[in-house]
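K.L.:
Sharing a structure with you now.
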Amino acid sequence: MELIWKKVWHCKCLHFPVFFLAKRDEQNGAISSTQIIFLEKMNICYLTENLVIENIQSSSKDPRVLDAMLPYQVNYYGNPHSRTHAYGWESESAMEKARKQVADLIAADPREIVFTSGATESNNMSIKGVARFYKSKKKHVITTQTEHKCVLDSCRVLEAEGFDITYLPVKTNGLVDLQLLEETIRQDTSLVSVMTVNNEIGVRQPVEDIGRICRSRNVFFHTDAAQAVGKIPINVSDWKVDLMSISGHKIYGPKGVGALYVRRRPRVRMEPLQNGGGQERGLRSGTVPTPLAVGLGAACDIAQQELEYDHSRVSMLANRLVRKIMSEIPDVVMNGDPEQRYPGCINLSFAYVEGESLLMALKDVALSSGSACTSASLEPSYVLRAIGTDEDLAHSSIRFGIGRFSTEAEVDYTADKCIQQVKRLREMSPLWEMVQEGIDLKSIKWTQH
(Lines give C-alpha, C1' and ligand atoms only; values in the text may rest on other atoms or scores of the structure.)
Protein backbone atom coordinates (compact mmCIF):
# COMPACT_ATOMS: atom_id res chain seq x y z
CA MET A 1 0.00 0.00 0.00
CA GLU A 2 1.31 3.45 -0.94
CA LEU A 3 0.89 6.26 1.59
CA ILE A 4 -0.14 9.62 0.17
CA TRP A 5 0.10 12.75 2.31
CA LYS A 6 -1.63 15.96 1.41
CA LYS A 7 -1.63 19.10 3.52
CA VAL A 8 -5.17 20.45 3.72
CA TRP A 9 -5.11 23.45 5.99
CA HIS A 10 -3.16 25.07 8.78
CA CYS A 11 -4.87 25.66 12.12
CA LYS A 12 -4.47 29.36 12.93
CA CYS A 13 -5.22 28.85 16.61
CA LEU A 14 -3.04 25.89 17.63
CA HIS A 15 -0.30 26.43 15.03
CA PHE A 16 -0.05 22.93 13.62
CA PRO A 17 -0.85 21.58 10.17
CA VAL A 18 -3.64 19.15 9.38
CA PHE A 19 -3.11 16.49 6.76
CA PHE A 20 -5.22 13.98 4.88
CA LEU A 21 -3.70 10.50 4.76
CA ALA A 22 -4.86 8.15 2.03
CA LYS A 23 -3.76 4.60 1.31
CA ARG A 24 -3.71 3.70 -2.37
CA ASP A 25 -4.14 0.06 -3.33
CA GLU A 26 -1.21 -1.09 -5.49
CA GLN A 27 -3.37 -3.43 -7.58
CA ASN A 28 -6.31 -1.28 -8.62
CA GLY A 29 -5.18 2.20 -7.61
CA ALA A 30 -8.26 2.79 -5.47
CA ILE A 31 -8.05 4.83 -2.30
CA SER A 32 -9.13 2.46 0.44
CA SER A 33 -9.23 4.86 3.36
CA THR A 34 -9.19 8.55 4.10
CA GLN A 35 -8.23 9.94 7.47
CA ILE A 36 -7.45 13.29 9.03
CA ILE A 37 -4.11 13.24 10.76
CA PHE A 38 -3.04 15.80 13.33
CA LEU A 39 0.74 16.23 13.51
CA GLU A 40 2.52 18.17 16.19
CA LYS A 41 6.27 17.62 16.20
CA MET A 42 6.69 13.83 16.45
CA ASN A 43 3.29 12.99 17.98
CA ILE A 44 0.90 11.27 15.52
CA CYS A 45 -2.72 10.46 16.16
CA TYR A 46 -5.14 9.02 13.63
CA LEU A 47 -8.65 7.72 13.30
CA THR A 48 -9.88 4.23 12.51
CA GLU A 49 -9.48 3.24 8.88
CA ASN A 50 -12.66 3.30 6.84
CA LEU A 51 -14.00 4.25 3.47
CA VAL A 52 -17.04 6.48 3.88
CA ILE A 53 -19.98 6.48 1.47
CA GLU A 54 -22.41 7.60 4.18
CA ASN A 55 -22.98 11.33 4.35
CA ILE A 56 -26.67 11.21 5.24
CA GLN A 57 -26.57 10.04 8.87
CA SER A 58 -23.72 12.47 9.47
CA SER A 59 -20.93 14.27 7.64
CA SER A 60 -17.30 14.88 8.47
CA LYS A 61 -16.51 18.29 9.89
CA ASP A 62 -15.06 20.64 7.30
CA PRO A 63 -11.55 21.65 8.49
CA ARG A 64 -12.46 25.30 7.94
CA VAL A 65 -15.33 24.89 10.41
CA LEU A 66 -12.96 23.52 13.05
CA ASP A 67 -10.60 26.42 12.39
CA ALA A 68 -13.42 28.89 13.09
CA MET A 69 -14.46 27.06 16.27
CA LEU A 70 -11.11 26.55 18.00
CA PRO A 71 -10.56 30.13 19.30
CA TYR A 72 -13.91 29.88 21.13
CA GLN A 73 -12.96 26.50 22.59
CA VAL A 74 -9.70 27.84 24.03
CA ASN A 75 -9.35 31.61 24.32
CA TYR A 76 -12.76 33.27 23.99
CA TYR A 77 -14.75 31.32 26.54
CA GLY A 78 -17.10 34.03 27.81
CA ASN A 79 -20.83 33.46 28.26
CA PRO A 80 -22.51 35.09 25.23
CA HIS A 81 -25.36 36.30 27.47
CA SER A 82 -23.03 38.16 29.89
CA ARG A 83 -23.07 41.85 28.98
CA THR A 84 -20.96 43.35 31.75
CA HIS A 85 -17.48 42.44 30.43
CA ALA A 86 -15.48 42.01 27.23
CA TYR A 87 -15.45 38.19 27.38
CA GLY A 88 -19.22 38.15 27.08
CA TRP A 89 -19.25 40.81 24.36
CA GLU A 90 -16.77 38.83 22.22
CA SER A 91 -18.83 35.65 22.51
CA GLU A 92 -22.09 37.48 21.84
CA SER A 93 -20.62 39.11 18.74
CA ALA A 94 -19.48 35.71 17.45
CA MET A 95 -22.89 34.18 18.20
CA GLU A 96 -24.74 36.95 16.35
CA LYS A 97 -22.40 36.66 13.37
CA ALA A 98 -23.17 32.93 13.25
CA ARG A 99 -26.89 33.67 13.48
CA LYS A 100 -26.62 35.92 10.42
CA GLN A 101 -24.65 33.28 8.51
CA VAL A 102 -27.39 30.72 9.16
CA ALA A 103 -30.09 33.22 8.18
CA ASP A 104 -28.32 34.22 4.96
CA LEU A 105 -28.19 30.60 3.78
CA ILE A 106 -32.01 30.34 3.81
CA ALA A 107 -32.74 34.01 2.97
CA ALA A 108 -34.17 34.78 6.41
CA ASP A 109 -33.87 37.59 8.95
CA PRO A 110 -31.24 36.81 11.65
CA ARG A 111 -33.88 37.60 14.30
CA GLU A 112 -35.85 34.58 13.02
CA ILE A 113 -33.07 32.09 13.86
CA VAL A 114 -33.17 30.20 17.18
CA PHE A 115 -30.15 28.06 18.11
CA THR A 116 -30.99 24.54 19.30
CA SER A 117 -29.13 21.29 19.98
CA GLY A 118 -30.05 19.89 16.55
CA ALA A 119 -32.88 19.09 14.16
CA THR A 120 -34.53 16.67 16.60
CA GLU A 121 -35.03 19.45 19.14
CA SER A 122 -36.09 21.87 16.40
CA ASN A 123 -38.72 19.40 15.17
CA ASN A 124 -40.02 18.80 18.70
CA MET A 125 -40.19 22.55 19.38
CA SER A 126 -42.07 23.23 16.15
CA ILE A 127 -44.68 20.49 16.35
CA LYS A 128 -45.36 20.44 20.08
CA GLY A 129 -44.83 24.19 20.54
CA VAL A 130 -47.26 25.36 17.83
CA ALA A 131 -49.88 22.68 18.54
CA ARG A 132 -49.96 23.42 22.27
CA PHE A 133 -50.05 27.20 21.85
CA TYR A 134 -53.13 27.09 19.59
CA LYS A 135 -54.82 24.10 21.23
CA SER A 136 -57.76 26.13 22.56
CA LYS A 137 -58.94 26.77 18.99
CA LYS A 138 -57.16 24.21 16.82
CA LYS A 139 -56.50 20.55 17.65
CA HIS A 140 -55.56 19.08 14.27
CA VAL A 141 -52.03 18.48 12.88
CA ILE A 142 -51.09 16.98 9.50
CA THR A 143 -47.86 15.17 8.66
CA THR A 144 -46.79 12.30 6.37
CA GLN A 145 -46.02 8.64 6.96
CA THR A 146 -42.43 9.08 5.73
CA GLU A 147 -41.29 11.77 8.16
CA HIS A 148 -38.26 11.42 10.42
CA LYS A 149 -38.92 9.40 13.55
CA CYS A 150 -38.70 12.44 15.84
CA VAL A 151 -41.55 14.09 13.92
CA LEU A 152 -43.72 10.97 14.06
CA ASP A 153 -42.99 10.44 17.76
CA SER A 154 -43.78 14.10 18.54
CA CYS A 155 -47.13 13.65 16.81
CA ARG A 156 -47.81 10.50 18.84
CA VAL A 157 -47.15 12.48 22.03
CA LEU A 158 -49.70 15.05 20.87
CA GLU A 159 -52.18 12.26 20.12
CA ALA A 160 -51.84 11.11 23.73
CA GLU A 161 -52.69 14.68 24.77
CA GLY A 162 -55.93 14.61 22.79
CA PHE A 163 -54.85 16.13 19.47
CA ASP A 164 -56.11 14.73 16.17
CA ILE A 165 -53.19 13.76 13.90
CA THR A 166 -53.50 12.89 10.21
CA TYR A 167 -50.60 10.82 8.80
CA LEU A 168 -50.87 11.35 5.06
CA PRO A 169 -49.85 8.47 2.81
CA VAL A 170 -47.43 9.23 -0.02
CA LYS A 171 -47.45 8.10 -3.63
CA THR A 172 -45.26 5.18 -4.79
CA ASN A 173 -42.57 7.69 -5.82
CA GLY A 174 -42.48 9.05 -2.25
CA LEU A 175 -44.09 12.41 -3.07
CA VAL A 176 -47.06 13.92 -1.26
CA ASP A 177 -50.38 14.05 -3.11
CA LEU A 178 -51.08 17.81 -3.07
CA GLN A 179 -54.79 17.40 -3.75
CA LEU A 180 -55.13 14.98 -0.84
CA LEU A 181 -53.22 17.40 1.39
CA GLU A 182 -55.53 20.28 0.48
CA GLU A 183 -58.61 18.13 1.09
CA THR A 184 -57.27 17.06 4.50
CA ILE A 185 -56.83 20.60 5.87
CA ARG A 186 -59.68 21.53 8.21
CA GLN A 187 -60.86 24.65 10.03
CA ASP A 188 -59.11 23.41 13.20
CA THR A 189 -55.81 22.49 11.51
CA SER A 190 -52.98 24.40 13.17
CA LEU A 191 -49.89 22.90 11.50
CA VAL A 192 -48.69 20.91 8.49
CA SER A 193 -45.24 19.26 8.80
CA VAL A 194 -43.58 17.80 5.70
CA MET A 195 -39.82 17.25 5.36
CA THR A 196 -38.00 18.86 2.43
CA VAL A 197 -35.65 15.98 1.51
CA ASN A 198 -36.30 12.50 2.84
CA ASN A 199 -33.40 11.11 4.85
CA GLU A 200 -33.85 7.54 3.58
CA ILE A 201 -34.76 7.77 -0.10
CA GLY A 202 -33.67 11.33 -0.96
CA VAL A 203 -37.04 12.38 -2.39
CA ARG A 204 -37.53 16.15 -2.55
CA GLN A 205 -41.08 17.19 -1.69
CA PRO A 206 -42.85 20.05 -3.57
CA VAL A 207 -42.31 22.36 -0.62
CA GLU A 208 -43.19 25.56 -2.50
CA ASP A 209 -46.59 24.14 -3.51
CA ILE A 210 -47.22 22.90 0.03
CA GLY A 211 -46.32 26.33 1.41
CA ARG A 212 -48.69 28.03 -1.00
CA ILE A 213 -51.56 25.70 -0.01
CA CYS A 214 -50.94 26.22 3.71
CA ARG A 215 -50.69 30.00 3.43
CA SER A 216 -53.94 30.18 1.46
CA ARG A 217 -55.68 28.18 4.21
CA ASN A 218 -54.10 30.11 7.15
CA VAL A 219 -52.28 27.03 8.41
CA PHE A 220 -48.68 27.11 9.66
CA PHE A 221 -46.18 25.08 7.61
CA HIS A 222 -43.15 23.40 9.20
CA THR A 223 -40.49 21.56 7.22
CA ASP A 224 -37.64 19.40 8.48
CA ALA A 225 -34.85 20.63 6.18
CA ALA A 226 -31.95 18.83 7.88
CA GLN A 227 -31.09 17.02 4.62
CA ALA A 228 -31.73 20.04 2.40
CA VAL A 229 -30.10 23.10 3.99
CA GLY A 230 -26.73 23.79 2.41
CA LYS A 231 -27.38 21.26 -0.36
CA ILE A 232 -30.13 22.91 -2.40
CA PRO A 233 -31.04 26.63 -2.76
CA ILE A 234 -33.60 27.67 -0.12
CA ASN A 235 -35.62 30.86 0.23
CA VAL A 236 -38.06 30.67 3.14
CA SER A 237 -40.09 33.62 1.86
CA ASP A 238 -40.55 32.15 -1.62
CA TRP A 239 -41.36 28.76 -0.10
CA LYS A 240 -43.83 30.34 2.37
CA VAL A 241 -42.33 28.25 5.17
CA ASP A 242 -43.21 29.28 8.73
CA LEU A 243 -40.83 26.98 10.63
CA MET A 244 -37.72 25.17 9.38
CA SER A 245 -35.44 22.74 11.22
CA ILE A 246 -31.68 22.78 10.58
CA SER A 247 -28.92 20.40 11.71
CA GLY A 248 -25.22 21.24 12.04
CA HIS A 249 -23.64 17.85 11.46
CA LYS A 250 -25.52 17.24 8.19
CA ILE A 251 -23.72 20.18 6.52
CA TYR A 252 -20.12 19.46 7.62
CA GLY A 253 -20.55 21.31 10.90
CA PRO A 254 -20.33 20.15 14.53
CA LYS A 255 -22.67 17.70 16.22
CA GLY A 256 -24.86 18.93 19.06
CA VAL A 257 -26.03 22.13 17.42
CA GLY A 258 -28.81 23.09 15.06
CA ALA A 259 -31.26 25.90 14.46
CA LEU A 260 -34.94 26.59 14.07
CA TYR A 261 -36.25 29.23 11.72
CA VAL A 262 -39.39 30.85 13.20
CA ARG A 263 -41.17 33.38 10.98
CA ARG A 264 -41.78 36.86 12.45
CA ARG A 265 -44.34 38.12 9.88
CA PRO A 266 -46.90 36.65 9.80
CA ARG A 267 -45.87 35.83 13.34
CA VAL A 268 -45.68 32.24 14.52
CA ARG A 269 -46.47 31.75 18.20
CA MET A 270 -45.28 28.65 20.03
CA GLU A 271 -45.04 27.30 23.56
CA PRO A 272 -41.40 26.71 24.64
CA LEU A 273 -40.36 23.20 25.59
CA GLN A 274 -37.88 24.35 28.22
CA ASN A 275 -37.94 27.36 30.50
CA GLY A 276 -35.25 29.31 32.27
CA GLY A 277 -33.31 32.47 31.49
CA GLY A 278 -35.42 33.40 28.47
CA GLN A 279 -32.62 33.18 25.91
CA GLU A 280 -33.40 32.91 22.18
CA ARG A 281 -36.49 35.14 22.33
CA GLY A 282 -37.79 33.04 25.21
CA LEU A 283 -38.30 30.07 22.89
CA ARG A 284 -35.25 28.10 24.00
CA SER A 285 -33.83 28.97 27.40
CA GLY A 286 -30.27 27.96 28.18
CA THR A 287 -26.78 29.25 27.40
CA VAL A 288 -26.01 29.08 23.68
CA PRO A 289 -22.73 27.10 23.23
CA THR A 290 -20.66 29.70 21.39
CA PRO A 291 -18.14 27.29 19.77
CA LEU A 292 -20.93 25.12 18.36
CA ALA A 293 -22.93 28.14 17.14
CA VAL A 294 -19.79 29.52 15.47
CA GLY A 295 -19.21 26.12 13.84
CA LEU A 296 -22.77 26.02 12.52
CA GLY A 297 -22.43 29.54 11.17
CA ALA A 298 -19.13 28.74 9.46
CA ALA A 299 -20.63 25.57 7.93
CA CYS A 300 -23.56 27.59 6.58
CA ASP A 301 -21.25 30.28 5.19
CA ILE A 302 -19.08 27.69 3.41
CA ALA A 303 -22.18 25.88 2.11
CA GLN A 304 -23.54 29.11 0.63
CA GLN A 305 -20.26 29.80 -1.17
CA GLU A 306 -19.86 26.26 -2.51
CA LEU A 307 -23.49 25.12 -2.89
CA GLU A 308 -23.56 25.18 -6.69
CA TYR A 309 -20.20 23.42 -7.04
CA ASP A 310 -21.02 20.84 -4.35
CA HIS A 311 -24.37 20.03 -5.96
CA SER A 312 -22.93 19.53 -9.44
CA ARG A 313 -20.06 17.40 -8.13
CA VAL A 314 -22.31 15.28 -5.90
CA SER A 315 -24.67 14.79 -8.87
CA MET A 316 -21.78 13.63 -11.04
CA LEU A 317 -20.53 11.15 -8.44
CA ALA A 318 -24.04 9.85 -7.71
CA ASN A 319 -24.75 9.26 -11.39
CA ARG A 320 -21.39 7.52 -11.73
CA LEU A 321 -22.22 5.16 -8.84
CA VAL A 322 -25.75 4.33 -10.02
CA ARG A 323 -24.75 3.82 -13.67
CA LYS A 324 -21.87 1.55 -12.75
CA ILE A 325 -23.95 -0.64 -10.42
CA MET A 326 -27.03 -0.85 -12.65
CA SER A 327 -25.02 -1.61 -15.79
CA GLU A 328 -23.41 -4.64 -14.13
CA ILE A 329 -26.21 -6.03 -11.95
CA PRO A 330 -29.80 -6.84 -13.07
CA ASP A 331 -32.85 -6.47 -10.82
CA VAL A 332 -31.69 -3.35 -8.96
CA VAL A 333 -34.41 -0.86 -8.05
CA MET A 334 -33.91 2.80 -7.12
CA ASN A 335 -36.39 3.71 -4.40
CA GLY A 336 -38.15 7.06 -4.67
CA ASP A 337 -38.77 9.46 -7.52
CA PRO A 338 -35.83 9.41 -10.00
CA GLU A 339 -36.18 13.12 -10.81
CA GLN A 340 -37.53 14.96 -7.74
CA ARG A 341 -34.69 14.06 -5.42
CA TYR A 342 -31.44 15.20 -3.84
CA PRO A 343 -28.78 13.26 -5.81
CA GLY A 344 -26.49 12.63 -2.83
CA CYS A 345 -28.98 10.27 -1.15
CA ILE A 346 -29.33 7.04 -3.13
CA ASN A 347 -31.43 4.11 -1.92
CA LEU A 348 -31.10 0.93 -3.97
CA SER A 349 -32.81 -2.43 -3.48
CA PHE A 350 -30.89 -5.49 -4.67
CA ALA A 351 -33.46 -8.21 -5.36
CA TYR A 352 -32.75 -11.68 -3.92
CA VAL A 353 -30.06 -10.33 -1.57
CA GLU A 354 -30.51 -9.68 2.16
CA GLY A 355 -29.47 -6.09 2.90
CA GLU A 356 -27.84 -6.95 6.23
CA SER A 357 -25.75 -9.67 4.54
CA LEU A 358 -24.60 -7.20 1.91
CA LEU A 359 -23.67 -4.66 4.59
CA MET A 360 -21.57 -7.31 6.36
CA ALA A 361 -19.87 -8.18 3.08
CA LEU A 362 -19.09 -4.48 2.55
CA LYS A 363 -17.77 -3.97 6.08
CA ASP A 364 -14.85 -1.81 4.91
CA VAL A 365 -17.32 0.69 3.43
CA ALA A 366 -19.50 2.84 5.70
CA LEU A 367 -23.03 2.26 4.37
CA SER A 368 -26.44 1.77 5.96
CA SER A 369 -29.70 -0.01 5.32
CA GLY A 370 -31.79 2.96 6.48
CA SER A 371 -32.01 5.76 9.02
CA ALA A 372 -29.52 5.72 11.91
CA CYS A 373 -32.51 6.20 14.22
CA THR A 374 -34.07 2.88 13.18
CA SER A 375 -31.18 0.85 11.73
CA ALA A 376 -30.92 -1.27 14.89
CA SER A 377 -34.33 -2.76 14.07
CA LEU A 378 -34.63 -5.86 11.89
CA GLU A 379 -37.98 -4.62 10.61
CA PRO A 380 -37.98 -3.27 7.03
CA SER A 381 -37.86 0.51 6.70
CA TYR A 382 -41.21 2.19 7.42
CA VAL A 383 -40.39 4.69 4.67
CA LEU A 384 -40.05 1.92 2.07
CA ARG A 385 -43.23 0.27 3.34
CA ALA A 386 -45.03 3.61 2.98
CA ILE A 387 -44.14 3.86 -0.73
CA GLY A 388 -45.43 0.32 -1.30
CA THR A 389 -42.11 -1.50 -1.63
CA ASP A 390 -42.44 -5.29 -1.35
CA GLU A 391 -41.12 -6.60 1.96
CA ASP A 392 -38.37 -8.66 0.31
CA LEU A 393 -37.13 -5.62 -1.63
CA ALA A 394 -37.38 -3.45 1.48
CA HIS A 395 -35.13 -5.93 3.29
CA SER A 396 -32.60 -5.73 0.45
CA SER A 397 -32.19 -1.95 0.41
CA ILE A 398 -28.90 -0.11 0.91
CA ARG A 399 -28.49 3.64 1.26
CA PHE A 400 -25.46 5.39 -0.27
CA GLY A 401 -24.61 8.94 0.79
CA ILE A 402 -22.37 11.07 -1.46
CA GLY A 403 -20.93 14.23 0.06
CA ARG A 404 -18.49 17.11 -0.32
CA PHE A 405 -15.42 15.02 0.45
CA SER A 406 -16.40 11.90 -1.52
CA THR A 407 -13.94 11.01 -4.27
CA GLU A 408 -14.24 9.25 -7.62
CA ALA A 409 -11.92 6.55 -6.32
CA GLU A 410 -14.21 5.93 -3.33
CA VAL A 411 -17.27 5.75 -5.57
CA ASP A 412 -15.58 3.35 -8.00
CA TYR A 413 -14.29 1.14 -5.19
CA THR A 414 -17.75 1.02 -3.57
CA ALA A 415 -19.48 0.21 -6.87
CA ASP A 416 -16.98 -2.53 -7.76
CA LYS A 417 -17.14 -4.08 -4.30
CA CYS A 418 -20.93 -3.91 -4.31
CA ILE A 419 -21.16 -5.59 -7.73
CA GLN A 420 -18.76 -8.31 -6.63
CA GLN A 421 -20.58 -9.06 -3.37
CA VAL A 422 -24.11 -8.96 -4.83
CA LYS A 423 -23.08 -11.49 -7.47
CA ARG A 424 -21.50 -13.69 -4.78
CA LEU A 425 -24.54 -13.55 -2.49
CA ARG A 426 -26.94 -14.25 -5.36
CA GLU A 427 -24.97 -17.34 -6.32
CA MET A 428 -25.67 -18.63 -2.80
CA SER A 429 -29.38 -17.76 -2.98
CA PRO A 430 -31.90 -20.49 -3.90
CA LEU A 431 -34.38 -17.73 -4.83
CA TRP A 432 -31.97 -16.34 -7.43
CA GLU A 433 -31.47 -19.84 -8.82
CA MET A 434 -35.25 -20.29 -9.15
CA VAL A 435 -35.61 -16.96 -10.94
CA GLN A 436 -32.84 -17.94 -13.36
CA GLU A 437 -34.82 -21.08 -14.14
CA GLY A 438 -37.82 -18.94 -15.06
CA ILE A 439 -39.92 -19.60 -11.93
CA ASP A 440 -42.27 -16.79 -10.89
CA LEU A 441 -41.68 -16.48 -7.14
CA LYS A 442 -44.98 -14.65 -6.61
CA SER A 443 -46.88 -17.67 -7.92
CA ILE A 444 -45.43 -19.93 -5.22
CA LYS A 445 -47.48 -20.59 -2.10
CA TRP A 446 -45.01 -20.80 0.75
CA THR A 447 -45.81 -22.85 3.85
CA GLN A 448 -44.30 -22.76 7.34
CA HIS A 449 -43.33 -25.91 9.22
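The values are calculated or read from the model by the stated rules, or taken from the named source; none is laboratory data. Given the structure is predicted, the values throughout are model-derived calculations rather than measurements. Cβ sites come from the backbone with ideal geometry, for glycine too, and all protein chains shown count toward neighbours. The area values use the complete protein model at the heavy-atom level, side chains included, leaving out ligands, DNA and RNA. Shrake-Rupley method; radii C 1.70, N 1.55, O 1.52, S 1.80 Å.
K.L.:
If you go through region 109-130 one residue at a time, how many are closer than 16 Å to Ala299 by Cβ and open to solvent by less than 20 Å² (accessible area, probe 1.4 Å)?
P.N.:
Final tally of qualifying residues: 6.
K.L.:
Still on this structure, I have one more. Go through Val332, Val288, Val322 for me and flag whichever is modelled with pLDDT of 95 or more, among the hydrophobic types (A, V, I, L, M, F, W, C) and within 23 Å of Thr120 (Cα to Cα).
P.N.:
None of the other options fit; the residue is Val288.
K.L.:
Taking the residues in region 65-84 that are out of contact with any Gly (no Cβ under 7 Å at 6 or more places or on another chain) and free of Cβ contacts under 8 Å to residues at least 12 places away in the same chain as candidates, determine which candidate is surrounded by the fewest Cβ atoms within 10 Å (Cβ to Cβ).
P.N.:
My answer is Thr84.
K.L.:
OK, next. Considering each residue of region 415-430, count those that are polar (S, T, N, Q) and at pLDDT 95 or above, and give that number.
P.N.:
Counting residues in region 415-430 that are polar (S, T, N, Q) and at pLDDT 95 or above gives 2.
K.L.:
Can you go through Arg426, Arg385, Arg399 and tell me which one is open to solvent by less than 20 Å² (accessible area, probe 1.4 Å), within 18 Å of Ile201 (Cβ to Cβ) and either touching a residue at least 60 places away in the same chain (Cβ under 8 Å) or assigned to a helix (DSSP H, G or I) (or both)?
P.N.:
Every option except Arg399 fails the conditions.
K.L.:
For region 48-57, state whether one or more residues are modelled with pLDDT of 95 or more, open to solvent by less than 20 Å² (accessible area, probe 1.4 Å) and not in a loop (DSSP other than H, G, I, E, B).
P.N.:
no
K.L.:
Counting only residues that are buried (at least 21 other Cβ atoms within 10 Å of the Cβ) and of a type in the set (Gly, Ala, Ser), how many does region 347-367 have?
P.N.:
Looking only at that region, the number is 2.
K.L.:
The conditions are (1) buried (at least 22 other Cβ atoms within 10 Å of the Cβ); (2) in contact with a Pro (Cβ under 9 Å, 6 or more places away or on another chain), and Glu391 fails exactly one of them. Which is it?
P.N.:
Status for Glu391: all satisfied but (1).
K.L.:
Separate question: Name every residue in region 120-148 that is of a type outside the set (Gly, Ala, Ser) and part of a loop (DSSP other than H, G, I, E, B), in order of residue number.
P.N.:
Tyr134, Lys135, Lys137, Lys138, Lys139, Gln145, Thr146, Glu147, His148
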